[in-house]
Amino acid sequence: MLAVALPTESPAQAAESYRLAGLTRRFPGVLAVDQVDLTVRRGEIHGIIGRNGAGKSVLVSMIAGLIPPSAGTVLASGGQLDAENATPVRAHRLGISLIPQEPRFARALTVTDNLFMGRELTVGLGFLDPAGMRRAVADVIDRLELDASPASRMGDLPIETQQLLAFGKAVFIEHARIILLDEITASLSRQRKTRLLGLLRTLAAESADLSFTLISHHITEVMEFTDRVTVMRDGRAVATLATAKTDERSLANWIVGDVKITGPAQAARPAAKPRAAAMPLLTADGLGDGRDFHDLSFRLQRGEVIGFAGLEGSGKDAALEALFGLRPFRTGEVRLEGSSVRFAAPREALKAGIAFLPKHREVQAVIQNRPVEDNTLISSLRRIQGPLGFLRVHEGQRIAREKTAELQVKTPSIFTPIDHLSGGNKQKILINRLSLTTPKVFLLNEPTRGVDLAAKPALLQVVRDKLAAQSGVIMLSESEDELVACCDRVLVFFRGRITRVLERGKPDFTVGEIYKSVQGVEEP
Amino acid sequence: MSGSLQAFVRTVFERHLIWALLVLLVLIGLTVPGFLSTRNLINVLWAAAPLGCVVLGLFFVLLTGSLDLSLESTFALAPTLAIMIVLNWLPDLVWPGLTMPIVLVIGLVAGMVNGFISVRLGVNAFLVTLATLLVYRGIVIFLIPEGIYYLPIEMTFWGESRILGFLPIAVIIWFVLYGLAFALINYHRLGKNIFALGNNPEAAFIAGVDVDRTRITCFCIAGVLAALGGLLEVGRLQSAVADLGQGDILMAFAGAILGGTGLAGGVGSVGGIFAAVLVISIIENLMNLFGVEPSVRQIVFGLILLAAIYLTSLQGRVRVGAA
């Protein structure tokens, strides 16, 4: 119904796929998106790039009608979305389709069932036209060059194929005109990416009313895939550049902005005094698993905080898990205070003195339905164990109370189920859980993930002042600000290898430099 | 004052609805002549002891997020094998007084088999224990198709005899077991580990809990408790029959669920299942006293159970509403 341009449109409007006018979204205490104006043209592949928290995903959610804007409008031919009327259904009617990072399909149903769900082809009287649907789906599969059949069970297909099918559904079956691709390239293989790019180009050329908006935080991808790119920073669209006329380095500069340290600057501190004589706490030598990370070497001293920086899939998460025994390494060696270690299970690592804070708090760390007390003590029950394995309960409660007070966890009591607490308080409890095992090394994966903005500096302070006081800390963060604020050294991971080491006190120990290395932007 | 009353009522509804149900049943019982007599009450407890053991065993397995259907067969297998060993196979070597430890060891092995196959070999516990349910029962039927009667006192002692002339030892064992389980669940490392892995196995693993070993331990505990329950029942009936406990696993599930045990794992309390076992036993007793015809008894029982389970299911919603 939107295929025919209305005759009243001016030439400028005819060239325009959609336009954002003063689009704004406020959350309590945060201005997530701040008066964004943006025009995306028909036939264009438009990139939106920015660091974590720059407002990309909120912006895209507003375009897709998932979040109503606080102010401003999304204008597409045929209508608009604004604070009053924005809904996913309305966005859909305007021809807008968002391909999410993780497609939501009915896993037990076939590809055909999923692609035609709710819009089945019929031969009349409600009887389905299976042959017709199968043909259409086979067509989609061919065009995307996928390894699947219309009768494949969706759940059996790799996530990358599911993602591309979601794309195919939007373009070929729903005939959406405004396609938003949210980090879709993150999980695609190199070869697949190139093919997808080719397909986007062909499609844009074939039907001139299509536009693609690609959300990414990978500079290289945006450079490769897009015609123009809009840079988001602190909720604002700071620049829209023609991709052909810019380069990775200047794009990186736009993204980072003036090199100023924002966020928990008060946690910044002088470099740890090097204790040259001391034996390193933890040494990794040529560590590799033959797949996700290769030839990693570093050493960690007591009192030191090392940061691992890198994109998703850069190998930093895998390396951290390997140090804790959650996954094996094939080559190289890890030494803890001089003796070689290799753990088959987390409890062995804990016993040896390595504590690990996982990234996905609710899935991997929080024990739901259980009180603060149990969540604090679960890794250190040995401490309060009496005869026959019975626990000195009062001793346990005393410790839990003490630790809870020490980190100022806001909870009515230690008997409150942990589920009632906020993300920041849960995280503090988990940090208490780790520190009660009195480890030599803390491995922290995104310690401030899912924590209120206001609570982040306090958590980093704990990492810096308390955890690093007696131990060594390795910390992963997607925020370069946090790494600069907290770490003595930052190791940058790129495609499974450590490509750069930045040290506190050196002139290149800045948010901007870390960001560029993380993105794999070459030195000039 | 009314505020604290309200809070009390709310607590009852949120956590202890099963106790309210128990009180209600006792109140109904008061109107029935003969219910309140010491003899009748003792009988209620006595009849409840074997089921109480099986429910407690199932409770441990359910807390880990697994289940064990074979408990009702272990219930028969352990005493049967012990009786065969003592009376037929090794009558000269084994003193009949050793029946109890032998029963417990057989229960342990039966539970360990379930635990090992389902945990270490990673086979669905429903399927594993469905198979062992058949195998264990099959062994019993093979060994004692006609049943064994006139058992020596050493074998029936635990289920049959009374101290002070009125209190069955079985009832004392039952109480002690629940007390022990309460301590184990609330004040022991094992209990903390069980709750941790029942609510979030991945988090428990990362936090250093030996998840597999804890799970297998729970299967072993369940086997031992079911075996002990079987011994008490054999003593109470003074005979071992091939269909001992057959079909009782459903009642054990009913008890565990009525007592507030979550089927998904990690939720439940010893007090809750204790009350639930009493509730089941009292319902049966009241049906006896009311003279409900045996042919319709099962229908009545099923309906009462349905109502009771509906009522206890309300407490989850009360809790959600309050949050």
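The values are calculated or read from the model by the stated rules, or taken from the named source; none is laboratory data. A quick note: this is a predicted structure, and the numbers were derived from the prediction, not measured. Positions of Cβ are generated from backbone atoms using ideal geometry, with glycine treated the same way; all protein chains shown enter the neighbour counts.
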Selected residue (only one of A:SER70, A:SER77, A:SER61, A:SER57 is over 26 Å from A:GLU221 (Cβ atoms) and out of contact with any helix residue (DSSP H, G or I) (no Cβ under 8 Å at 6 or more places or on another chain)): A:SER70
In the range A:307-325, the residues that are within 14 Å of chain B (Cβ to nearest Cβ) and more than 25 Å from A:SER189 (Cα to Cα): A:LEU323, A:PHE324, A:GLY325
From B:ILE185, B:ILE257, B:ILE273, B:ILE249, residue being within 14 Å of chain A (Cβ to nearest Cβ) and either of a type in the set (D, E, K, R) or in contact with a helix residue (DSSP H, G or I) (Cβ under 9 Å, 6 or more places away or on another chain) (or both): B:ILE185
Filter result for the condition that a residue is within 14 Å of another protein chain (Cβ to nearest Cβ) and either touching a residue at least 40 places away in the same chain (Cβ under 8 Å) or in contact with a Cys (Cβ under 7 Å, 6 or more places away or on another chain) (or both), over B:ASN200, B:ASN193: B:ASN200
The range B:163-220, residues that are small (Gly, Ala, Ser) and farther than 19 Å from A:GLN385 by Cα: B:GLY165, B:ALA170, B:GLY179, B:GLY198, B:ALA203
Wholly enclosed strands (runs of 3 or more DSSP E) of the range A:411-524 bearing at least 3 residues surrounded by 20 or more Cβ atoms within 10 Å (Cβ to Cβ): A:441-445, A:472-476, A:489-494
Sole exception among (1) in a helix (DSSP H, G or I); (2) within 24 Å of the chain's Cα centre (by Cα) for A:LEU98, by number: (1)
Test for A:GLU503: is it of a type in the set (D, E, K, R) and closer than 23 Å to A:GLY50 by Cα: no
Test: residue in the range B:40-53 that is part of a helix (DSSP H, G or I), within 18 Å of the chain's Cα centre (by Cα) and over 22 Å from B:ALA170 (Cβ atoms): no
Residue ID - surrounded by the fewest Cβ atoms within 10 Å (Cβ to Cβ), chosen from residues in the range B:270-303 that are free of Cβ contacts under 8 Å to residues at least 40 places away in the same chain and under 30 Å from B:CYS218 (Cβ atoms): B:GLY302
In the range B:100-156, the residues that are among the acidic types (Asp, Glu) and loosely packed, with under 14 Cβ neighbours inside 10 Å: B:GLU146
Residue in the range A:358-410 that is farthest from A:VAL473 (Cα to Cα), counting only those that are among the hydrophobic types (A, V, I, L, M, F, W, C), at the interface with chain B (Cβ under 7 Å from one of its Cβ atoms) and outside any helix (DSSP H, G or I): A:PHE390
Test: residue in the range A:404-415 that is at pLDDT below 95, among the charged types (D, E, K, R) and not assigned by TED's automatic domain parsing to the domain that holds A:LEU336: yes
Subset of the range A:427-467 [within 14 Å of chain B (Cβ to nearest Cβ), over 20 Å from the mean Cα position of the chain (by Cα) and closer than 14 Å to A:GLN408 by Cα]: A:ILE429, A:LEU430, A:ILE431, A:ASN432
Residue count for the range B:251-269, restricted to those that are aliphatic (A, V, I, L, M), surrounded by fewer than 24 Cβ atoms within 10 Å (Cβ to Cβ) and outside any loop (DSSP other than H, G, I, E, B): 3
Residue in the range A:330-346 that is touching a residue at least 12 places away in the same chain (Cβ under 8 Å), within 14 Å of chain B (Cβ to nearest Cβ) and buried (at least 22 other Cβ atoms within 10 Å of the Cβ) present: yes
Set A:ALA355, A:ALA349: member being within 11 Å of chain B (Cβ to nearest Cβ) and in a helix (DSSP H, G or I): A:ALA349
Top-ranked residue of the range B:216-248 - restricted to ones that are surrounded by fewer than 24 Cβ atoms within 10 Å (Cβ to Cβ), at pLDDT 95 or above and more than 12 Å from the chain's Cα centre (by Cα), ranked as farthest from B:VAL176 (Cα to Cα): B:ILE216
Residue within the range A:31-47 that is assigned by TED's automatic domain parsing to the domain that holds A:GLY78, at pLDDT below 90, surrounded by fewer than 14 Cβ atoms within 10 Å (Cβ to Cβ) and not acidic (Asp, Glu) present: no
Strands (runs of 3 or more DSSP E) enclosed by the range A:140-244 - at least 3 residues per element that are hydroxyl-bearing (Ser, Thr, Tyr), surrounded by fewer than 16 Cβ atoms within 10 Å (Cβ to Cβ) and not assigned by TED's automatic domain parsing to the domain that holds A:GLY43: none
